[in-house]
1. Rg (Å, one decimal) plus Dmax (Å, integer) for the alpha carbons of the chain?
2. Dipole of the chain, Cα-centred, from +1 at each Lys and Arg C-beta and -1 at each Asp and Glu C-beta, to the nearest 20 debye?
3. Just want the answer: with Cβ charges of +1 for Lys and Arg and -1 for Asp and Glu, which residue in GLY42, GLY15, THR54 is farthest toward the dipole's positive end in the chain?
4. Keeping every protein chain present and rolling a 1.4 Å probe, give me the accessible area per residue for the chain in Å².
5. Taking one equal scatterer on every alpha-carbon of region 25-82, how large is log10 of I(q)/I(0) by Debye at q = 0.20, 0.21, 0.22, 0.31 1/Å?
6. Looking at region 47-90, which trypsin sites (Lys or Arg not before Pro) are in a loop (DSSP not H, G, I, E or B) and have at most 11 other Cβ atoms within 10 Å?
7. In the chain, carbon and sulfur make up what percent of the accessible area (probe 1.4 Å)?
8. Provide Rg and Dmax in Å for region 1-53, with only Cα atoms included in the calculation.
Amino acid sequence: QVQLVESGGGLVQAGGSLRLSCAPSKRTIRTYNIGWFRQAPGKELEFVAAISWTGTNIDYADSVKGRFTISRDNAKNTVYLQMDSLKPEDTAAYYCAGASVYDTAASSFNHWGQGTQVTVSS
């Protein structure tokens, strides 16, 4: 069982940047496809970005395309989500998740972290 831990969330002003990290508490995520999802209060879980275990395949939600960058450093066993030009509507709890298949649907991911809160003030 892979346990994922997110870090890097916080409070930032609109237009600012944050970098989220996703790493396993044990074992490795080097062979896992990793996705980032977010959930704002009262809203459904939303896909943000995904990266295949080789880093070859990457997808973004339209709402973050051009502002967010997903990357991975398998030597450090960590996946990152660089978030630039943040907007108040990006405020949400952000979750990283691992899957053995490459997909953007939350249902395909069976290993989830506890989440990290990102709050963007206007």
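The values are calculated or read from the model by the stated rules, or taken from the named source; none is laboratory data. None of these values were measured; they are calculated from a predicted model. Here the Cβ is made from the backbone with ideal geometry for all residues, glycine too, and neighbour counts use every protein chain on show. Protein only, heavy atoms only, side chains kept; ligands, DNA and RNA dropped before computing areas. Shrake-Rupley method; radii C 1.70, N 1.55, O 1.52, S 1.80 Å.
1. Cα-based Rg and Dmax for the chain come out at 13.2, 40 Å.
2. Working: 11 positive and 10 negative charges, 80 e Å.
Using only the charged Cβ atoms, the result is roughly 380 debye.
3. So the residue we want is THR54.
4. Averaged over the residues of the chain, the accessible area is 50 Å².
5. Values, matching the q order: -0.75, -0.81, -0.87, -1.28.
6. Working: sites: LYS65, ARG67, ARG72, LYS76; in loops: LYS65, ARG67, LYS76.
Listed in order of number, the matching sites are LYS65, LYS76.
7. Details: 2850 of 6120 Å².
Roughly 47 percent, rounded to a whole number.
8. In order Rg, Dmax, the Cα atoms of region 1-53 give 13.1, 37 Å.
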